[in-house]
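See structure below.
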Amino acid sequence: MSTDDHLSSLPLNAETGGCGEGCACGEGDEYAEHAESGLDPALAALLTAAGLDPVEVEDIAHLAMDEDLAGGVDVTTVATIPEEATATGDFTAREAGVVAGLRIAEAVLSIVCTDEFEVERHVDDGDRVEAGQKLLSVTSRTRDLLTAERSALNLLCRLSGIATATRAWTDALAGTKTKVRDTRKTTVGLRSLEKFAVRCGGGVNHRMSLSDAALVKDNHVIAAGGVAQAFAAVRESFPEVPIEVEVDTLYQLREVLDAGADLILLDNLTPAETAEAVALTGGRALLESSGRLTLDDARAYADTGVDFLAVGALTHSSPILDIGLDLRESDR
């Protein structure tokens, strides 16, 4: 999907966006599982392959456009652009970085465009791009392109910024076994997309929710009467759930190792203390460092042999990657 000459035409419903009569919804085994989504089945399949839920992506796209239109129309565009005018819009990187969210931008376009539109994909999510490089070209009604522009770019720039920041961490950790992981410090409603962007940047995901894994933190320890007691309580109540335990001293580390913890979060330990913790653990558990980590000290922590670095800043503080939409006359 990242070749320059890949061209796909997405047939859309003239009133609501989504699928029109020419789409493959419900036709054949390849796309049948995506029939519940209003997105083009081929696009839905690409989203699924990336670990995203097409229905959720479609809902986010609708939410973005509902917010931007607020029940009305794009008054500037309607007033200045003839109804039948068409154009090609090139989504173009304004700076170098790693791109993420191209198929999500397509989803936004698909619910706005009221006619068939053509998509030419020049790069794929996770690719490094340079300033001035075309990422995605879309040919459709000019009004629709301009109406969808900001919502599509908001998501694309945000996710590409996260992917770019994550790639800087993975580059810093290259040659070590240490992986950078995200946290739950995500934008409300965009967690799955932001964690997807982390994957595009070469990072790995921590738990997606409070229910799919346990993380015993300091307040749980206080409430339970000790770190070992808290770990035992979670293990008894949810024996099948993965448990990570936060410790901030080597004494607590020994306690949870003896209790049988297999993933331990080392909170605010220095690189020297972390090296001591790695030696003490001796491979009995996976170790994750956390607490005000920076790119400058990433390598020092990785060189201790710790398994993960937990970096909340990937999703809560990454600047956007500057991407714009440039219009040109269409060939059709």
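The values are calculated or read from the model by the stated rules, or taken from the named source; none is laboratory data. Predicted, not measured: the structure shown is a model, and the values here were computed from it. Using ideal geometry, Cβ is built from the backbone for each residue, glycine included, and neighbour counts are taken over all protein chains shown.
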Kindly list the number of the only condition in (1) among the hydrophobic types (A, V, I, L, M, F, W, C); (2) more than 16 Å from the chain's Cα centre (by Cα); (3) closer than 26 Å to ILE264 by Cβ that fails for VAL138. (3)
From the list ASP171, ASP124, which one is in contact (Cβ under 8 Å) with a residue 40 or more places away in the chain and surrounded by fewer than 21 Cβ atoms within 10 Å (Cβ to Cβ)? ASP124
Options THR281, THR304; residue that is polar (S, T, N, Q) and touching a Pro at 6+ places or on another chain (Cβ under 7 Å): THR304
Given the criterion touching a residue at least 24 places away in the same chain (Cβ under 8 Å), surrounded by fewer than 16 Cβ atoms within 10 Å (Cβ to Cβ) and touching a Lys or Arg at 6+ places or on another chain (Cβ under 6 Å), identify the matching residue among GLY324, GLY260. GLY324
Residue set ALA64, ALA79, ALA87; condition within 22 Å of ASP326 (Cβ to Cβ), modelled with pLDDT of 95 or more and touching a Leu at 6+ places or on another chain (Cβ under 6 Å); output residue ALA87
For GLY189, state whether it is in a loop (DSSP other than H, G, I, E, B) and buried (at least 18 other Cβ atoms within 10 Å of the Cβ). no
Meets criteria (among the basic types (Lys, Arg) and over 26 Å from SER317 (Cα atoms)) for ARG284: yes
Scanning the range 40-61 for residues that are at pLDDT 95 or above and closer than 20 Å to LEU145 by Cβ, the one farthest from the chain's Cα centre (by Cα) turns out to be LEU43
Given (1) surrounded by 22 or more Cβ atoms within 10 Å (Cβ to Cβ); (2) within 18 Å of ASP267 (Cβ to Cβ), index of the condition ASP218 fails: (1)
State yes or no: is GLU194 modelled with pLDDT of 95 or more, outside any loop (DSSP other than H, G, I, E, B), under 30 Å from PRO82 (Cα atoms) and not aliphatic (A, V, I, L, M)? no
What helices (runs of 4 or more DSSP H), lying completely within the range 45-127, carry at least 3 residues that are among the hydrophobic types (A, V, I, L, M, F, W, C) and within 20 Å of SER137 (Cβ to Cβ)? 102-112
